[in-house]
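The values are calculated or read from the model by the stated rules, or taken from the named source; none is laboratory data. These figures come from a predicted structure and were not determined experimentally. Cβ atoms come from the backbone with ideal geometry, glycine included; neighbour counts cover every protein chain shown. To get the accessible areas, we keep the full protein, side chains included, count just its heavy atoms, and leave off ligands, DNA and RNA. Shrake-Rupley method; radii C 1.70, N 1.55, O 1.52, S 1.80 Å.
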Amino acid sequence: MTEAPNLSQVVHVLQDLYPLRYAEDWDAPGLVVGDLRAPVRVIHCAVDPTLDVVDEAISMGADLLITHHPLFFRAVHEVSGLGFRGEIVRRLIEHHCALWVGHTNADAAYRGVADSAATAFGLEELRPLVPIEDANSSHQVGLGRVGVMPGSKTLGDVARRVAEVLPATQLGIQVSGDLDAVVHTVAVLPGSGDSLFEEVRNSTADVYITSDLRHHPATDARQQALYEIEMRQAGIPLGGGASSSPALINTPHSAIEGLWFNNAPQDVANRIEASSGFRPRISVSSLNTDPWTMCIPGAAEERHSELS
């Protein structure tokens, strides 16, 4: 019987698939907790390293928990029982379960978070939204993806496809734009994406699918789009060659990033087996880690009608 690889060997595989050099400067993905000498037979995957997810991994006998979101975003000076992060570290160590994080490095990698989401939405001819030059990669890599939507799809069609593909959440999705407008090109950035509106405009995408869109950047983007349409109709092109701001589809942050696990379990298992001869058992969490537990549509229109 083939011996299971140790954590050091598995981390090498993970960081070959999702190189740490792709991570943003502010990010610190990689191994967070774990004994490099310990064997890895069972792996559990989840978007967020919450207490419930850690308990789920432990209950399944996992030797390694792979998450997308880091346990630590900023400098930490204690992992005591004063906070939940310290308790997570305690539980992981006590039950001999390592934690490895693939964050912005996994966002940018081939078949990583962005690739997985764009493919799930049905896009073809993918290219990075913000490319990363890597002479060692045989594939294009970088933040986000831009792709072609085959067939004659409207914004409403694309929005419904996104809603069908994403894991269920209370928040659902929000759409801004003409629902009957035909869509040819789509930009996708899983995670918080309103800092990249200029890159999306330059990509000439008709629709931008991302998360955590704030009121002011989203409003400004849509107002600019409407103004540019008005000016083009008057024979005055604006934008220096870039398209007008695209329609927007705002998704729950954890849901869109969870699409990474459409690809990651098979990719990781295949690569570990190829390098060690041992195929680990890999599972994906069924827990919903979206923080919202209720969504109530506003009733202001009904109240206004009653008042008038």
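What the Cα convex hull of the range 44-138 gives, in volume per residue, is 143 Å³. A simple rule links phi to the HN-Hα coupling: the Karplus curve 6.51 cos²θ - 1.76 cosθ + 1.60 with θ = phi - 60°, which for the range 198-204 gives 5, 5, 5, 4, 5, 7, 6 Hz, with x for Gly and Pro. Heavy-atom accessible area, probed at 1.4 angstrom with all protein chains present, ranks Thr154, Thr2 as Thr2, Thr154, highest first. Beta-bridge orientation, the chain: approximately 50 percent antiparallel, per DSSP, counting only bridges with both partners inside.
Taking every protein chain into account, the 1.4 Å probe leaves Phe197 with about 30 Å² of accessible area, to the nearest ten. Across the range 9-20, computed HN-Hα scalar couplings (Karplus, 6.51 cos²θ - 1.76 cosθ + 1.60, θ = phi - 60°) run 5, 5, 4, 4, 5, 4, 7, 7, 5, 10, x, 5 Hz from first to last residue, x flagging Gly and Pro.
Tell me, what does the Kirkwood hydrodynamic radius of the range 1-69 come to in angstroms if you use every pair of distinct C-alpha atoms?
After inverting the mean inverse Cα-Cα distance, the result is 13.0 Å.
With each label modelled as a point 7 angstrom along the Cα→C-beta vector, the Arg232-Glu133 pair spans 3.2 nm.
Using only DSSP helix segments of four residues or longer, with each worth -39500 (n - 2.57), what per-residue ellipticity at 222 nm results for the chain after dividing by its residue count and rounding to 500?
Numbers: 11 runs with 106 residues, N = 308.
So the helix-based figure for the chain works out to -10000 deg cm²/dmol.
The calculated P(r) of the chain, using every Cα pair and 10 Å bins from 0, goes 6, 25, 30, 22, 11, 4, 1, 0 in percent. Surface calculation, 1.4 Å probe, protein heavy atoms: Met294 sits at approximately 140 Å² accessible. Semi-axes of the equivalent ellipsoid for the range 98-221, computed as √(5λ) from the eigenvalues of its C-alpha gyration tensor and ordered from largest down, come to 23, 17, 15 Å. Across Trp100, Trp292, the residue with the most accessible area heads the list, and the full order at a 1.4 Å probe is Trp292, Trp100. Sorted on the mean count of surrounding Cβ atoms within 10 Å across their residues, most packed first, peptides 129-139, 89-99 read 89-99, 129-139.
Ordered by 1.4 Å accessible area with all protein chains kept, Leu196, Leu20 run largest first as Leu20, Leu196. Using a probe of 1.4 angstrom and keeping all protein chains present, the accessible surface of the range 39-95 works out to 49 square angstrom per residue.
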